[in-house]
Amino acid sequence: MSMSDRPDPAALKKRLKALEAQAKEAQRTIDELKSRDALKTQFLSNISHDLRTPLAAIITHAEILREGMLGQLNSKQRDSVSGIVNGGQQLIDMIDEILTYVRSAGDQVSLARTDFSITEVVDQVRMLNQALAAKKGLTIERLNGDDLPPVYADRDKLKHVLGNLIGNAIKFTPDGGRIWISFSRRGRNSEELVVEVGDTGRGIARDHYELVFREFAQVDASPSRSHHGTGLGLAIARKLVELHSGTIWVESELGKGSRFYFTLPINPPHD
Amino acid sequence: MRARILIVEDSQLVAEAFSILFTEAGYEVDTAATVAEAIDRATSEAVDLMLLDISLPDGNGLEVLEALRARDSLPRVTLAMTGHNDSNSRLKCIEAGCAEVLLKPVPIGELLRHIERLLP
């Protein structure tokens, strides 16, 4: 080996120093981005809360008018005021979705687990969505599950997951369609419960299976899209399922319908 | 005699809406915007029903109940209002002695039904 092939220690040292400086710089950028992200989350949380209060006042005022407490309204006036109440309520629901997302994204989320019957929660969520589904002539059925053991999970959060999946199915299933919930077990000792929420809706292209779970993402994001919302429902569902050490995914056929699945450990160690 | 309702709510907009509602429904209405004000209003004149917002600028709404219990001037009935509906905060309100925990915005039909039931 000739002298010229041997690495020059001084050059190596210089190169090492440069790499170290670059690594430091990268770390600084990461820290900076993290703190900006935290600020943005805090902002989202504050603004959502502050939007809620005047909206609540608007809705209450409109309800007082609608109920005729300040004098009887004619039917056109009542319809118009009902529009204010309904629009306001829709806004509140969207704000709540953002708040739930912000809370589930934070580091301080904790699960309040108890043993409960998942079929009971499914039936509750079905009841809550019955009116909305009936408007579109949709049926929501639970196909099985009467013999399931209790699950050990956070009841409120699981209810939220089911609410988002069923709400989503209602939104994207055309009039007269079907929505169903069914359960199966998998794993060597059937230790995992698989919950399926299926529909006969428009379906999702394979390329979009991942996208639908991403926050703020909607498959059709154009301003003229026919379905509006925060685009957070499925991202929240994923966060809440993952908090329970479960997984969530979708299988679908365009024009035929979608099946959303999520898993829960059946008998996780109790805290 | 008309029943007296104390609205404890820091948003003037929301308090005004409830004031109109309860006045029209035939109740006597008083308002407070902070923990300190609520304690003052509830001790100076007996309250039949307190509609209590849980997040107030100078503290947690449940502190009002604590202070009033210590002064032996609890309202006959307290309804708590909260912005988020998780079982943990619901439980805390019930343990503190609230008859119901309502999620804001409370539909007025539901609110008036609760009040009629609790203030016979």
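The values are calculated or read from the model by the stated rules, or taken from the named source; none is laboratory data. Predicted, not measured: the structure shown is a model, and the values here were computed from it. Glycine gets a Cβ as well: all are built from the backbone with ideal geometry, and neighbour counts include every protein chain shown. The area values use the complete protein model at the heavy-atom level, side chains included, leaving out ligands, DNA and RNA. Shrake-Rupley method; radii C 1.70, N 1.55, O 1.52, S 1.80 Å.
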Log entry, pairs with first residue in the range A:253-266 being open to solvent by 40 Å² or more (accessible area, probe 1.4 Å), second being in a strand (DSSP E or B), beta carbons closer than 6 Å, six or more apart or on different chains, reads A:ARG259/A:GLU196; A:ARG259/A:GLY198; A:ARG259/A:GLU251
Those residues of the range B:74-109 which are more than 14 Å from chain A (Cβ to nearest Cβ), open to solvent by 30 Å² or more (accessible area, probe 1.4 Å) and not β-branched (Val, Ile, Thr) amount to B:LEU74, B:ARG76, B:GLU95, B:GLY97, B:ALA99, B:GLU100
Pair list, Cβ < 6 Å and 6+ apart or interchain, from the range B:12-35 residues that are more than 9 Å from chain A (Cβ to nearest Cβ) to residues that are in a helix (DSSP H, G or I) and of a type in the set (Val, Ile, Thr):
B:VAL29/B:THR23; B:VAL35/B:VAL64
Flag if A:GLY163 is under 18 Å from the mean Cα position of the chain (by Cα) and not basic (Lys, Arg)
yes
From the list A:ILE98, A:ILE92, which one is within 13 Å of chain B (Cβ to nearest Cβ) and at pLDDT 90 or above?
A:ILE92
When the range A:57-76 is checked residue by residue, the ones that are free of Cβ contacts under 8 Å to residues at least 12 places away in the same chain, part of a helix (DSSP H, G or I) and more than 8 Å from chain B (Cβ to nearest Cβ) are A:SER75, A:LYS76
Counting only residues that are surrounded by 19 or more Cβ atoms within 10 Å (Cβ to Cβ) and not aliphatic (A, V, I, L, M), which one in the range A:127-154 is nearest to the other protein chains (Cβ to nearest Cβ)?
A:ASP154
Using beta carbons and a limit of 6 Å, which pairs, at least six apart or on different chains, have the first residue in the range A:78-89 and within 12 Å of chain B (Cβ to nearest Cβ) and the second one part of a helix (DSSP H, G or I) and surrounded by 15 or more Cβ atoms within 10 Å (Cβ to Cβ)?
A:VAL85/A:ILE59; A:VAL85/A:ALA62; A:VAL85/A:GLU63; A:GLY88/A:LEU55; A:GLY88/A:ILE58; A:GLY88/A:ILE59
Can you name every residue in the range B:86-103 that is within 25 Å of B:SER19 (Cβ to Cβ) and out of contact with any Asp or Glu (no Cβ under 8 Å at 6 or more places or on another chain)?
B:CYS93, B:GLY97, B:CYS98, B:ALA99, B:GLU100, B:VAL101, B:LEU103
Checking the structure you have, find out if any residue of the range B:53-70 is within 17 Å of B:ILE5 (Cα to Cα), within 14 Å of another protein chain (Cβ to nearest Cβ) and part of a loop (DSSP other than H, G, I, E, B).
yes
Which condition does A:GLY246 not pass, out of (1) in a loop (DSSP other than H, G, I, E, B); (2) modelled with pLDDT of 90 or more; (3) in contact with a Gly (Cβ under 6 Å, 6 or more places away or on another chain), if it passes all the others?
(3)
What's the total number of residues in the range B:1-11 that are within 24 Å of B:GLY59 (Cβ to Cβ) and either more than 11 Å from every other protein chain (Cβ to nearest Cβ) or open to solvent by less than 10 Å² (accessible area, probe 1.4 Å) (or both)?
6
Inside the range A:175-192, can you point out the residues that are touching a Gly at 6+ places or on another chain (Cβ under 9 Å) and surrounded by 12 or more Cβ atoms within 10 Å (Cβ to Cβ)?
A:GLY177, A:ARG178, A:ILE179, A:TRP180, A:ILE181, A:SER182, A:PHE183, A:GLU192
